Amino acid sequence: MDVSNSTTDYIGGMVYQDGVLQFVSDEEGRIRYKPKTATAEASFVCDYFIKDHLGNVRTVLTDELQTDVYLPATMETAGLLCAANAYERYFHTRSGPSEFCSAARRAVPLE
């Protein structure tokens, strides 16, 4: 959808973009319309807004089932010495020798 030439209509708590319902607002969240795709039927998804004491939205909880794949953050032993050397170079150039780096260099990786 070309956003530069689109029309957005606000009718009550409903928002339409080019005549297609986008979401319905509520004081505790919104109901979003998800159009039909090749793998899923058209449906509605509820989003709940968690607000702070000033009324600013801090978190959005949703009924939507979605799985995101992220790269794992691990402490693998293969790169331990390389990482310790990189940190040592950083600490020597920024603030002088660091006890942390010396301890990391002497650390024995767990197998």
Rounded to one decimal in nm, the spacing of the 7 Å Cα→Cβ label points at Asn5 and Glu28 is 4.2
Please give, to one decimal in nm, the separation of the simple spin-label points placed at Met14 and Asp52, each 7 Å out from Cα toward the Cβ. 3.5
Where a label projected 7 Å from the Cα of Leu65 along Cα→Cβ would reach, residues of the range 35-58 with amide N under 17 Å: 35-47
Cβ crowding within 10 Å averaged over residues, with 44-55, 15-26 ranked highest first: 15-26, 44-55
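No lab work stands behind these numbers, since they all come straight from the coordinates. Note that the coordinates shown come from a computational prediction; the quantities given were computed from them, not determined experimentally. Positions of Cβ are generated from backbone atoms using ideal geometry, with glycine treated the same way; all protein chains shown enter the neighbour counts.
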